[in-house]
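**Student:** Here's a structure for you.
The values are calculated or read from the model by the stated rules, or taken from the named source; none is laboratory data. These numbers were taken from a predicted model, which means no experiment stands behind them. Note: ideal-geometry Cβ built from the backbone for every residue, glycine included; neighbour counts use all protein chains shown.
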Amino acid sequence: MAHIHKEFLINNSPENIWDALREVGAVHQRLAPGFVTDTRMETDTRIVTFANGVVVHELIVDIDETARRVAYAVVGGSMTPKHHHASMQVLADAEGRSRFVWTMDVTPDELAGPISEMAEQGARIMQETLTATPVLTDR
């Protein structure tokens with residue numbers, strides 16, 4: 001099983017980043033616009049359309065408010081690995097910044113390259129998007 005790990009700093013508060021990450025049905029608007037062109041929810045499954053035409057069906061496994069972590073598993077679509085489980089988590093870092101951690105476990109191993117490439121592109125877009133997210137006021 002291949003393991004893919006992407007980690008990056010974002011110049012924005014963990015609260016702001018979590019606000020975007022936890023909205024699992026709005027990836028195309030809040031997290032990775034342009035890289036993801038559409039997201040829609042069908043009960044507990046998120047259908048994600050990427051700019052390259054790939055469509056994946058992701059079962060939302062957990063949205064953990066305390067850990068600021070979303071876990072999901074690919075369960076269908078146009079690129080269906082034998083196994084693909086992932087999580088995204090936002091952690092507090094120094095000086096009001098956030099650390100974004102994205103991990104994926106994938107089989108077969110041959111899919112690790114293409115999935116890692118897509119994740120690298122997605123990570124860049126998320127970092128840019130989430131850095132540009134305005135600071136939220138108290139709700």
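**Student:** Taking the stated definitions as given, is Glu58 of a type in the set (Asp, Glu) and surrounded by 18 or more Cβ atoms within 10 Å (Cβ to Cβ)?
**Tutor:** For Glu58, the condition - of a type in the set (Asp, Glu) and surrounded by 18 or more Cβ atoms within 10 Å (Cβ to Cβ) - is met.
**Student:** Do we have Arg99 as in contact with a His (Cβ under 8 Å, 6 or more places away or on another chain) and either aromatic (Phe, Trp, Tyr) or surrounded by 13 or more Cβ atoms within 10 Å (Cβ to Cβ) (or both) here?
**Tutor:** Taking the combined requirement at face value, the residue does not satisfy it.
**Student:** Under 7 Å between Cβ atoms, at least 6 apart or on separate chains: pull out the pairs that start in region 38-51 with a residue that is under 10 Å from Gly77 (Cβ atoms) and end on any residue that is of a type in the set (Lys, Arg) and surrounded by fewer than 16 Cβ atoms within 10 Å (Cβ to Cβ).
**Tutor:** Pairs that qualify, where the first residue is under 10 Å from Gly77 (Cβ atoms) and the partner is of a type in the set (Lys, Arg) and surrounded by fewer than 16 Cβ atoms within 10 Å (Cβ to Cβ), are Ile47/Arg40.
**Student:** I would also like to ask the following. Need a quick list: strands (runs of 3 or more DSSP E) entirely within region 26-139 having at least 2 residues that are over 20 Å from Asn12 (Cβ atoms), modelled with pLDDT of 95 or more and of a type in the set (Asp, Glu). Can you show your working first?
**Tutor:** Working: elements: 36-42, 45-50, 55-64, 69-77, 83-92, 98-107.
Because the criterion is at least 2 residues that are over 20 Å from Asn12 (Cβ atoms), modelled with pLDDT of 95 or more and of a type in the set (Asp, Glu), the strands (runs of 3 or more DSSP E) in region 26-139 that meet it are 36-42, 55-64.
**Student:** What number goes with the only condition from (1) surrounded by 15 or more Cβ atoms within 10 Å (Cβ to Cβ); (2) closer than 15 Å to Arg22 by Cα that Glu65 does not pass?
**Tutor:** Here Glu65 clears every test but (1).
**Student:** If you go through region 72-85 one residue at a time, do you hit one that is touching a residue at least 60 places away in the same chain (Cβ under 8 Å), touching a helix residue (DSSP H, G or I) at 6+ places or on another chain (Cβ under 8 Å), on the phi < 0 side of the Ramachandran plot and surrounded by 14 or more Cβ atoms within 10 Å (Cβ to Cβ)? Reasoning before the result, please.
**Tutor:** Initial filter on region 72-85 (touching a residue at least 60 places away in the same chain (Cβ under 8 Å)): 83.
Going one step further and asking which of them are touching a helix residue (DSSP H, G or I) at 6+ places or on another chain (Cβ under 8 Å), we end up with none.
No, that holds for no residue.
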